[in-house]
1. In the range B:1-17, what count of residues is obtained for those that are assigned to a loop (DSSP other than H, G, I, E, B) and more than 12 Å from DNA strand D (Cβ to nearest atom)?
2. Run down B:ALA231, B:ALA187, B:ALA192 and say which single residue is within 23 Å of B:ASP273 (Cα to Cα) and in contact with a Gly (Cβ under 9 Å, 6 or more places away or on another chain).
3. Only one of (1) modelled with pLDDT under 95; (2) in a helix (DSSP H, G or I); (3) surrounded by fewer than 18 Cβ atoms within 10 Å (Cβ to Cβ) is not met by B:GLY130, so which one is it?
4. Can you tell me which residue among B:THR22, B:THR37, B:THR30 is assigned to a loop (DSSP other than H, G, I, E, B), of a type in the set (S, T, N, Q) and within 12 Å of DNA strand C (Cβ to nearest atom)?
5. Going by the structure shown, is A:ILE20 more than 8 Å from DNA strand D (Cβ to nearest atom) and out of contact with any Phe, Trp or Tyr (no Cβ under 7 Å at 6 or more places or on another chain)?
6. For the range A:71-106, give me the residue count where each residue is among the aliphatic types (A, V, I, L, M) and farther than 15 Å from B:VAL74 by Cβ.
7. Look at B:ALA14 and say whether it is more than 7 Å from DNA strand C (Cβ to nearest atom) and surrounded by 20 or more Cβ atoms within 10 Å (Cβ to Cβ).
8. Checking the structure you have, find out if any residue of the range A:252-259 is more than 24 Å from B:LEU261 (Cβ to Cβ) and buried (at least 16 other Cβ atoms within 10 Å of the Cβ).
2 protein chains.
Amino acid sequence: MAGGRPATIKDVAAAAGVGIATVSRVFTGTGSVGAATRERVLAAARELDYRPSALGRGLKLRRAGGIGLIVPDVTDPFCAELIAGVLACARTLGEHVIVDAAHGDPAREAEIVERLVEQRVAGVIALPAGDAAAWRSAAGAGPGAGVVFADRALPGLPEIPAVLADDRAGVRTLTEYLAGLGHRRIAFLGGAAPGTPPGVRERAFRDTLDAVGVPADEDLIVAARPERDSAYGAAAGLLQRRGDVTAVLAAGHLLGEAAVLVARELDLRVPADVSIAMVDDVPWAELCDPPLTAVARPGHDIGYRACELLLRDRARRGRGGPVLLPAELMIRGSCGPPRTARGGGRSG
Amino acid sequence: MAGGRPATIKDVAAAAGVGIATVSRVFTGTGSVGAATRERVLAAARELDYRPSALGRGLKLRRAGGIGLIVPDVTDPFCAELIAGVLACARTLGEHVIVDAAHGDPAREAEIVERLVEQRVAGVIALPAGDAAAWRSAAGAGPGAGVVFADRALPGLPEIPAVLADDRAGVRTLTEYLAGLGHRRIAFLGGAAPGTPPGVRERAFRDTLDAVGVPADEDLIVAARPERDSAYGAAAGLLQRRGDVTAVLAAGHLLGEAAVLVARELDLRVPADVSIAMVDDVPWAELCDPPLTAVARPGHDIGYRACELLLRDRARRGRGGPVLLPAELMIRGSCGPPRTARGGGRSG
DNA sequence: CAACATGATGGAAACGTTTCCAGGAAAGGC
DNA sequence: GCCTTTCCTGGAAACGTTTCCATCATGTTG
């Protein structure tokens with residue numbers, strides 16, 4: 001039907017027998033236009049299937065609109081929740097969202113930011129991979145409204161606002177819960193690699209252990225990256241090496257997955273032989289047998305709030321550090337009192 | 001640092017002491033520019049932190065670029081895989097992706113399409129919600145390169161190319177597998193509502209039953225929408241009403257989830273009391289106890305291929321019906337031979 | 001040395017929009 | 001009847017880019 005190039009405002013003006021300024025006024029709603037004229041313009045536009053070009057408008061108004069969203073991986077359930085939150089908020093603001101995945105690679109991330117800046121998006125929301133320097137320069141010179149970090153902040157970049165889950169409180173609650181059940185040998189799966197500074201969750205774990213008077217066992221804090229192979233290796237190593245652990249706190253859902261899988265392979269009953277809990281409440285936590293106790297981090301809310309902060313609450317930005325959203329402990333069936341260990345021995 | 005408005009090509013030209021045409025040539029790589037001049041321009045651009053505006057370029061070139069991607073729900077694992085596939089392909093083509101979720105609402109979907117058309121994207125990939133008429137007009141008049149459907153096609157729209165999983169073969173294989181294990185009373189969870197035409201999966205199920213000589217029992221083909229509450233209700237109704245079913249084939253991962261949950265609540269052992277299998281291989285299928293047998297549909301490939309079809313293989317489009325990508329049966333532990341039913345009775 | 005090919009460069013027009021400005025008509029007050 | 005106010009309308013400039021065309025300098029060939 002409409003095979004040729006899309007109709008422009010000029011076409012509509014010509015068809016309606018008016019000037020282009022009038023057509024523009026009809027579509028932007030500004031100024032005043034006679035009722036009869038408006039009708040004629042609308043009819044012509046409908047006839048020609050006219051849609052104002054965001055390019056022309058953006059150029060003239062010096063803002064393209066749209067927001068950029070950079071996540072490590074769209075298939076990660078938590079990231080997906082966060083994306084959904086951003087989408088929901090963007091929708092209320094009439095903005096579209098350009099999504100891309102950096103897969104934890106700072107170079108790739110920088111590439112994406114470059115592209116978004118060229119697109120002249122109104123702002124960028126990111127779960128940053130790293131490279132504080134690149135972000136610093138991007139935030140300064142780059143996208144109009146600026147940058148907001150979600151779920152993760154970068155050390156040494158206090159000037160970039162962030163919306164985070166209150167992991168500290170979440171891990172503290174979970175650790176207290178495990179200790180309260182009677183556990184004394186609790187492993188932490190997902191510590192920092194030797195030489196790198198510990199993350200918030202690890203620090204919270206250590207602090208809480210301290211606070212409740214359980215001595216920390218360095219051998220039970222095992223380093224692992226949140227990737228399937230790293231997580232699996234770490235979990236297997238831990239549970240084989242230390243038959244005496246009675247509880248495992250996994251610092252992320254991939255770590256939790258690994259713990260569950262390894263426990264099953266070693267024929268450990270959950271929670272009779274070992275209790276398992278993790279940070280990140282993902283759908284499979286409920287499907288698991290037994291269902292997994294987890295700290296639910298509000299991915300959707302984080303995304304929504306980050307988007308608000310980026311576009312609406314510009315003024316309120318950067319005041320008083322990052323926005324913290326509460327995490328909730330979902331108690332299910334995977335944790336129980338520790339088995340009564342006699343000499344810490346278990347055959348196998 | 002660079003607080004003011006972003007530098008334009010004019011600023012760079014002035015700073016480098018050349019004409020804007022020369023700057024443009026340097027950045028587009030067209031034409032010929034002296035080495036010394038090029039260096040001067042590049043230096044000036046770096047100094048001013050200049051990035052060419054996609055708006056200006058798009059306006060001049062009459063194409064904005066970017067592709068629109070409409071899914072029902074970004075948090076659905078299958079959709080997420082598909083998005084990842086599109087992102088991967090778009091990256092190789094240097095395009096960005098605008099993602100939005102329609103949540104199964106045709107009106108919302110139309111709204112999103114409208115917006116994408118205004119953005120003058122190069123094309124749209126969609127898991128369409130419905131409303132063939134709206135899509136017909138959108139495809140005709142709308143986005144430059146057109147529309148490609150992914151994972152789902154709309155009846156009566158053969159002119160819109162589609163990339164689909166070979167669900168027919170997938171369900172056939174799975175049904176044959178269950179029948180081969182000896183099952184005769186196999187339930188199909190996720191049939192069409194009464195009055196609406198059955199989907200591909202349901203037809204494949206019926207046909208295969210026919211082919212292997214198992215009489216179809218209409219009471220075992222239960223209608224359910226792929227939403228948690230609908231799925232749960234249908235699964236509960238089925239397993240309570242018909243204690244004699246020995247296998248359940250769930251037509252989607254949400255249906256499968258419901259089946260697993262209901263079976264657990266009714267204290268049915270899987271697969272001793274009832275075998276469960278589903279379409280869609282999602283991460284939790286492996287985490288389940290026992291791990292769930294499932295038909296793996298290639299979400300990533302579908303997205304990738306749809307994107308290719310949209311932007312690269314334009315010529316090859318629409319030839320010979322939809323592109324079918326193979327689905328693979330992942331045999332795990334959730335299916336076994338039927339229990340030896342005596343009169344179909346089971347207490348409870 | 002002249003004619004010419006070649007390469008580097010700048011000016012200007014176009015892309016589709018918004019908006020300022022000015023002009024014209026209608027209406028109201030003296 | 002004239003001036004002022006109000007409302008509606010069209011022309012034109014600008015937004016940042018690409019690209020056609022013309023210009024000019026340089027090097028090559030006869």
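1. We begin by selecting, within the range B:1-17, every residue assigned to a loop (DSSP other than H, G, I, E, B); these are B:1-8, B:17.
From the residues that got through so far, the ones that are more than 12 Å from DNA strand D (Cβ to nearest atom) too are B:1-3, B:17.
Summing the residues that are assigned to a loop (DSSP other than H, G, I, E, B) and more than 12 Å from DNA strand D (Cβ to nearest atom) in the range B:1-17 gives 4.
2. Working: B:ALA187 fails: in contact with a Gly (Cβ under 9 Å, 6 or more places away or on another chain); B:ALA192 fails: within 23 Å of B:ASP273 (Cα to Cα).
Exactly one residue qualifies, and that residue is B:ALA231.
3. Result: B:GLY130 passes all but (2).
4. Working: B:THR22 fails: assigned to a loop (DSSP other than H, G, I, E, B); B:THR37 fails: assigned to a loop (DSSP other than H, G, I, E, B).
Among B:THR22, B:THR37, B:THR30, only B:THR30 is assigned to a loop (DSSP other than H, G, I, E, B), of a type in the set (S, T, N, Q) and within 12 Å of DNA strand C (Cβ to nearest atom).
5. Values: more than 8 Å from DNA strand D (Cβ to nearest atom): no; out of contact with any Phe, Trp or Tyr (no Cβ under 7 Å at 6 or more places or on another chain): yes.
Criteria not met by A:ILE20.
6. As a first pass, look at the range A:71-106 and keep what is among the aliphatic types (A, V, I, L, M): A:71, A:74, A:80, A:82-84, A:86-88, A:90, A:93, A:97-99, A:101-102.
Within this subset, residues satisfying the condition of being farther than 15 Å from B:VAL74 by Cβ are A:93, A:102.
Matching residues across the range A:71-106 total 2.
7. Details: more than 7 Å from DNA strand C (Cβ to nearest atom): yes; surrounded by 20 or more Cβ atoms within 10 Å (Cβ to Cβ): no.
It is false that B:ALA14 is more than 7 Å from DNA strand C (Cβ to nearest atom) and surrounded by 20 or more Cβ atoms within 10 Å (Cβ to Cβ).
8. Pass one, the range A:252-259, residues more than 24 Å from B:LEU261 (Cβ to Cβ): A:252, A:255.
Restricting the remaining residues to those that are buried (at least 16 other Cβ atoms within 10 Å of the Cβ) gives A:252, A:255.
Looking through the range A:252-259, at least one residue is more than 24 Å from B:LEU261 (Cβ to Cβ) and buried (at least 16 other Cβ atoms within 10 Å of the Cβ).
The values are calculated or read from the model by the stated rules, or taken from the named source; none is laboratory data. Fair warning: this is a prediction, and the values are worked out from it, not measured in the lab. FYI the Cβ positions are ideal-geometry reconstructions off the backbone, even for glycines, and counts take in every protein chain you see.
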